[in-house]
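The structure appears right after this line, and notes come after that.
Throughout, read-outs are computed from the coordinates displayed, never taken from laboratory work. Here the structure is a predicted model, which is why all the values come from computation and not from measurement. Cβ placement follows ideal geometry from the backbone for every residue including glycine, while neighbour counts extend to all protein chains displayed.
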Amino acid sequence: MNKQFVAIVIVVILGLFGVFYFTKDSAEAPANGDNNSSSSSSEGSNNTIGDNTKKVVLLEFGDFQCPACGAYHPIVKQVIEKYNKDILFQFKNFPLQQIHPNARAAARAAEAAGKQDKYWEMHDLLYEQQQTWEQSTAVNSIFESYAKQLNLDVAKFKTDFASETVNDVINADFSAGTKAGVNSTPTFFLQGKKLEEPPQDLEGFSKIID
């Protein structure tokens, strides 16, 4: 009887270890990027809008394919419009590839556009057209059409889109988010403090910013 009990305990322990290992692997998988990614030495993105001299910083970790991020986008735009002289807004990439397979490609598109000083234009376009590309199997072509729409050098856009430099930036953002406790999108930080229950409208953001 004692031997049976010991055997059961060993099986349970091994099972728990397996669950832990699988969960850890799943959580870390998006940070590794696609099959061509390398370990990132980048410091991550630095996409900001607003007054760089202000000490009030609102940071969003977002996923361009995330429906909740898409729903928050117009609210965030209202916040930026109202407080563009009072705060600095920053967006960092946190593509949840396991559930949003086109999220990393979208992040690549935004970062590639940023290399031609059109980051925010692409950022907005990706969210506004989210339903057009989110389930597409030809997102590269769609994003190239957005590059044309924004009058980008499409050849350069395609090169930057596919580059390890851009991929490393996204990986670094994801790593920073993971270290900061981000596990879903969108996740907001105000003055470095995570908003556990982020406001759901402009009025709510105003209450915590003012």
Check your understanding: One-quarter of the Cα convex hull surface for segment 87-210, in nm²?
Key -> 8.4 nm²
Exercise for review: Give the Rg (one decimal place) followed by the Dmax (whole number) of segment 71-142, computed from C-alpha coordinates and expressed in Å.
Suggested key: 13.1, 41
Point to revise | Whole-Hz ³J(HN,Hα) from phi, Karplus 6.51 cos²θ - 1.76 cosθ + 1.60, for segment 135-151, glycine and proline x | key: 9, 6, 9, 10, 5, 4, 5, 5, 5, 5, 5, 5, 4, 5, 4, 8, 6
Review point. If you count, for each residue, the other Cβ atoms within 10 Å and average over each peptide, how do 85-96, 134-145, 105-116 line up from highest to lowest?
Key: 105-116, 85-96, 134-145
Revision key, fill the gap. Descending packing, highest mean Cβ count within 10 Å first, for 181-190, 52-61 is 181-190, 52-61
